[in-house]
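The values are calculated or read from the model by the stated rules, or taken from the named source; none is laboratory data. Everything numeric here is computed off the predicted structure, so don't read it as measured data. For neighbour counting, all protein chains shown are included, and Cβ atoms are generated from backbone atoms with ideal geometry for every residue, glycine included.
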Amino acid sequence: MRTVAVLLDGRLEVAVGSITEFRGDAVVNAANSGLLGGGGVDGAIHAAAGPELLAECRRLRDGPLREGLPTGRAVVTGAGLLPVRGIIHTAGPVWAGGGRGEAALLASCYSESLSAARGRGYRTVAFPAVSTGIYGYPKEEAARIAFESIERFLADGGLPERVTLVFFSESDASVFLRSR
Ligand code: ADP
């Protein structure tokens, strides 16, 4: 993972690489409502965190999240073997053309995840580009929503101190920097 840009007076870092390498207080997982793992960044996080993460997700599904995690919401688990304190799972919207409230739901993923981080006292949090992989959200629009949501949340000066947006490829980071 390497830094490619620093924005918002140092409070927003843009990086390229795998989010599983992030060292800090928390990583956000672009999960699905089922919470029991999947492809993309979700698969990478579960693989790196180890079986304790899946076990904790199963306990959530057996108890407080019997119906799954609603789209746009976030829930925190332990980090298993990842070098962070916690994992914030959020369920992004599946892109369906833009007329099904996708923008508000994606903004909610960022604000709910940041609220969860603040609630836990996390100072440093890394996000992947939620919904822009298997869920098909157009990357330019997702970039604007991510930037605006993070900027708005950080405006009151509260935690987290620094947010890192981790893009899996150089070109995805470039799209973000051009589109935000
Ligand atoms: P979604 O289902 O929310 O679209 P995906 O995991 O398919 O989730 O993709 C979300 C974004 O995460 C995509 O831009 C994808 O390239 C990126 N991604 C995949 N693996 C990783 C990883 N290990 N670290 C950071 N980003 C990743």
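Could you please find all residues in segment 47-72 being assigned to a helix (DSSP H, G or I) and either surrounded by 14 or more Cβ atoms within 10 Å (Cβ to Cβ) or within 10 Å of the ligand (Cβ to nearest atom) (or both)? Spell out how you get there, then give the answer.
Of segment 47-72, the ones assigned to a helix (DSSP H, G or I) are 47-49, 51-62.
Scanning segment 47-72 gives Ala47, Ala48, Ala49, Leu53, Leu54, Glu56, Cys57, Leu60, Arg61.
One line per residue, one yes/no per condition, for (1) at pLDDT below 95; (2) more than 23 Å from Leu36 (Cβ to Cβ); (3) buried (at least 20 other Cβ atoms within 10 Å of the Cβ); (4) more than 12 Å from the ligand (Cβ to nearest atom):
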site	(1), (2), (3), (4)
Gly97	no, yes, no, yes
Leu106	no, no, yes, no
Ala129	no, no, yes, no
Thr132	no, no, yes, no
Glu141	no, yes, no, yes
Glu148	no, yes, no, yes
Asp156	no, yes, no, yes
Leu165	no, yes, yes, no
Arg178	no, yes, no, yes
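Only residues in segment 121-150 that are free of Cβ contacts under 8 Å to residues at least 40 places away in the same chain count as the first member; pair them with residues that are of a type in the set (Gly, Ala, Ser) and surrounded by fewer than 19 Cβ atoms within 10 Å (Cβ to Cβ), Cβ under 7 angstrom, at least 6 apart or cross-chain, and list the lot.
Glu140/Ser179; Ala143/Ser179; Arg144/Ser179
Assess whether Tyr122 counts as being modelled with pLDDT of 95 or more, within 19 Å of Ala26 (Cβ to Cβ), among the hydroxyl-bearing types (Ser, Thr, Tyr) and crowded, with 17+ Cβ neighbours inside 10 Å.
When the stated conditions are applied, Tyr122 passes them.
Got at least one residue in segment 108-117 being among the hydrophobic types (A, V, I, L, M, F, W, C) and surrounded by fewer than 21 Cβ atoms within 10 Å (Cβ to Cβ)?
no
Mind telling me which of the residues Gly43, Gly86, Gly101, Gly37 ends up being more than 22 Å from Leu154 (Cα to Cα) and either touching a Lys or Arg at 6+ places or on another chain (Cβ under 7 Å) or at pLDDT below 95 (or both)?
Being more than 22 Å from Leu154 (Cα to Cα) and either touching a Lys or Arg at 6+ places or on another chain (Cβ under 7 Å) or at pLDDT below 95 (or both) holds for just one of Gly43, Gly86, Gly101, Gly37, which is Gly37.
Report, by residue number, each residue of segment 19-46 that is surrounded by 15 or more Cβ atoms within 10 Å (Cβ to Cβ) and closer than 17 Å to Thr124 by Cβ.
Matches in segment 19-46: Ile19, Thr20, Glu21, Phe22, Gly24, Asp25, Ala26, Val27, Val28, Asn29, Ile45.
Could you tell me whether segment 31-46 includes any residue that is within 15 Å of the ligand (Cβ to nearest atom), out of contact with any Leu (no Cβ under 8 Å at 6 or more places or on another chain) and among the aliphatic types (A, V, I, L, M)?
The answer is yes, given that some residue of segment 31-46 is within 15 Å of the ligand (Cβ to nearest atom), out of contact with any Leu (no Cβ under 8 Å at 6 or more places or on another chain) and among the aliphatic types (A, V, I, L, M).
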